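Engineer: Quick one: structure below, then a few questions.
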Amino acid sequence: MLACYICLFVLNTELLSQAEQNGLVNWLSFKEAQEKNKTVVKPLLIDFYTDWCGWCKHMIKTTYSNQGLAAYINANFYPVKFNAETKDTIEYNGKIYKPLSKEPKTPHELTIKFLGNNLSYPSTVFVTNNFEYNLLTQGFLDDKKIEPILIFMVENAWRTSVFDEFNKHFNQTFVDTVFKKAAVKFTVLKDIEKLEKKKPKKVLINISSGFCNSCKVMSKTTFPDTTIADYINKNFYLINFDAESSDTIQFKNEKYFKTLVNNYPLNTFALKVSNNRLTFPVLCVLDETLNTIEVLNHYQSPEQIKPALIYFGSDSYKTKSWKDFIEEYTKPKANTGAKK
């Protein structure tokens, strides 16, 4: 019996030691992460640490030991814990990376690839789009700092926004909720056909889902932005639509309803109006006859969405390509003031 207690004590001590070293994240090797990525594509989260780095250990004991964050990382990323000074040879994205020296405290070749000459630890690199897009963050990341980065990567906000921009609006939504905003008018979907007969306008349908955090950021900070709200109120009808709505929708003499699509409860109206291009958040632009002109997928910041609203609201889309329009829009205005 005593032997059993000793075994249990040793086992519990080993488990505690593993938890102190790894936190609650299920860390993988580069090889394991890349093999899994061939079957199911997910972003990589790479923790660059060293054995002598105190803040690296502190991040394991705090951030990576947060049960909610660890569960989110385990579900949505392939997390890799990488010793930045390892003497192992590593294969990454089809290339071989080797240690630069046998001497201790020498950075690995792969570390140099990601961190360059700024060898600061801990460093966290987020990689997505099959190794094409990298986001490097350096220094200790607590819960509040890492959360918007995780969402930025998982919800593909990186496709349409830079992180600093997204981070600012994320904090305005969930942390610093007092900021200057304007009143934006929302229209009820069931009234839209009557309104179009009375006063024709283009329509914006903002489709969101309860699990989508970037949807909340967009609703709270993009549409009420002081540079955006007035333009929307003058030129569009704005409608919020929950993709999981249980309502039966009557739209242009057709009915739409909630059903299971790939095992996900979804109202078929969301598919119809987005031309089956449904990735959250999604903003659908409709003309005055309620036909979809364009579908803007992923998070749209105020900075990103303003030229798009002008492009459709001014009818420029009828005569110009987006490329030509945005070149004119971003071109510095000539100074026509008289010289003194």
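Engineer: Output the residues belonging to the stretch 105-130 that are over 16 Å from the mean Cα position of the chain (by Cα) and in contact (Cβ under 8 Å) with a residue 24 or more places away in the chain.
Structural biologist: Passing the criteria: 105, 108, 110, 111, 114, 115, 119, 121, 122, 123, 124.
Engineer: Name the residue, out of 89, 63, 39, that is farther than 15 Å from residue 125 by Cα, touching a Pro at 6+ places or on another chain (Cβ under 8 Å) and in the same structural domain as residue 130 (by TED's automatic domain parsing).
Structural biologist: Result: 89 is the single residue among 89, 63, 39 that is farther than 15 Å from residue 125 by Cα, touching a Pro at 6+ places or on another chain (Cβ under 8 Å) and in the same structural domain as residue 130 (by TED's automatic domain parsing).
Engineer: Is one or more of the residues making up the stretch 234-248 farther than 21 Å from residue 213 by Cα and under 25 Å from the mean Cα position of the chain (by Cα)?
Structural biologist: Among the residues of the stretch 234-248, not one is farther than 21 Å from residue 213 by Cα and under 25 Å from the mean Cα position of the chain (by Cα), which makes the answer no.
Engineer: Search the stretch 275-293 for residues being more than 19 Å from residue 254 (Cβ to Cβ) and surrounded by 17 or more Cβ atoms within 10 Å (Cβ to Cβ), and hand back the single one that is farthest from the chain's Cα centre (by Cα).
Structural biologist: The selected residue is 285.
Engineer: Just one of the numbered conditions (1) surrounded by 17 or more Cβ atoms within 10 Å (Cβ to Cβ); (2) touching a His at 6+ places or on another chain (Cβ under 9 Å); (3) of a type in the set (Val, Ile, Thr) is not true of residue 249; which one?
Structural biologist: Against the list (1) surrounded by 17 or more Cβ atoms within 10 Å (Cβ to Cβ); (2) touching a His at 6+ places or on another chain (Cβ under 9 Å); (3) of a type in the set (Val, Ile, Thr), residue 249 comes up short only on (2).
Engineer: Continuing with the same structure: Hey, among 267, 253, 262, 275, which residue is touching a residue at least 24 places away in the same chain (Cβ under 8 Å) and in the same structural domain as residue 193 (by TED's automatic domain parsing)?
Structural biologist: 267
Engineer: Name the helices (runs of 4 or more DSSP H) wholly inside the stretch 247-340 in which the number of residues that are within 26 Å of residue 167 (Cα to Cα) and in contact with a Ser or Thr (Cβ under 8 Å, 6 or more places away or on another chain) is 3 or more.
Structural biologist: 302-313
Engineer: Here's a follow-up. Between a residue in the stretch 179-191 that is under 24 Å from residue 290 (Cα atoms) and any residue that is hydroxyl-bearing (Ser, Thr, Tyr) and modelled with pLDDT of 95 or more, which pairs come within a Cβ distance under 8 Å, given they are 6 or more apart or on different chains?
Structural biologist: 187/237
Engineer: Yes or no: residue 119 modelled with pLDDT of 95 or more, of a type in the set (A, V, I, L, M) and buried (at least 17 other Cβ atoms within 10 Å of the Cβ)?
Structural biologist: no
Engineer: Please find, among 165, 196, 147, the residue that is outside any loop (DSSP other than H, G, I, E, B), of a type outside the set (Ser, Thr, Tyr), over 30 Å from residue 287 (Cα atoms) and at pLDDT 95 or above.
Structural biologist: After ruling out the rest, the residue left standing is 147.
Engineer: Where the second residue is aromatic (Phe, Trp, Tyr) and surrounded by 11 or more Cβ atoms within 10 Å (Cβ to Cβ) and the first is assigned to a strand (DSSP E or B) and lies in the stretch 91-102, which pairs have Cβ atoms under 9 Å and are six or more apart or on separate chains?
Structural biologist: These pairs meet every condition: 91/30; 91/97; 92/30; 92/131.
Engineer: When you check residue 165 against the structure, is it acidic (Asp, Glu) and surrounded by fewer than 18 Cβ atoms within 10 Å (Cβ to Cβ), yes or no?
Structural biologist: Against the criterion (acidic (Asp, Glu) and surrounded by fewer than 18 Cβ atoms within 10 Å (Cβ to Cβ)), residue 165 qualifies.
The values are calculated or read from the model by the stated rules, or taken from the named source; none is laboratory data. No experiment lies behind these values; they were computed from the predicted model shown. Note that each Cβ is placed from the backbone with ideal geometry, even for glycine, and that neighbours are counted across all protein chains shown.
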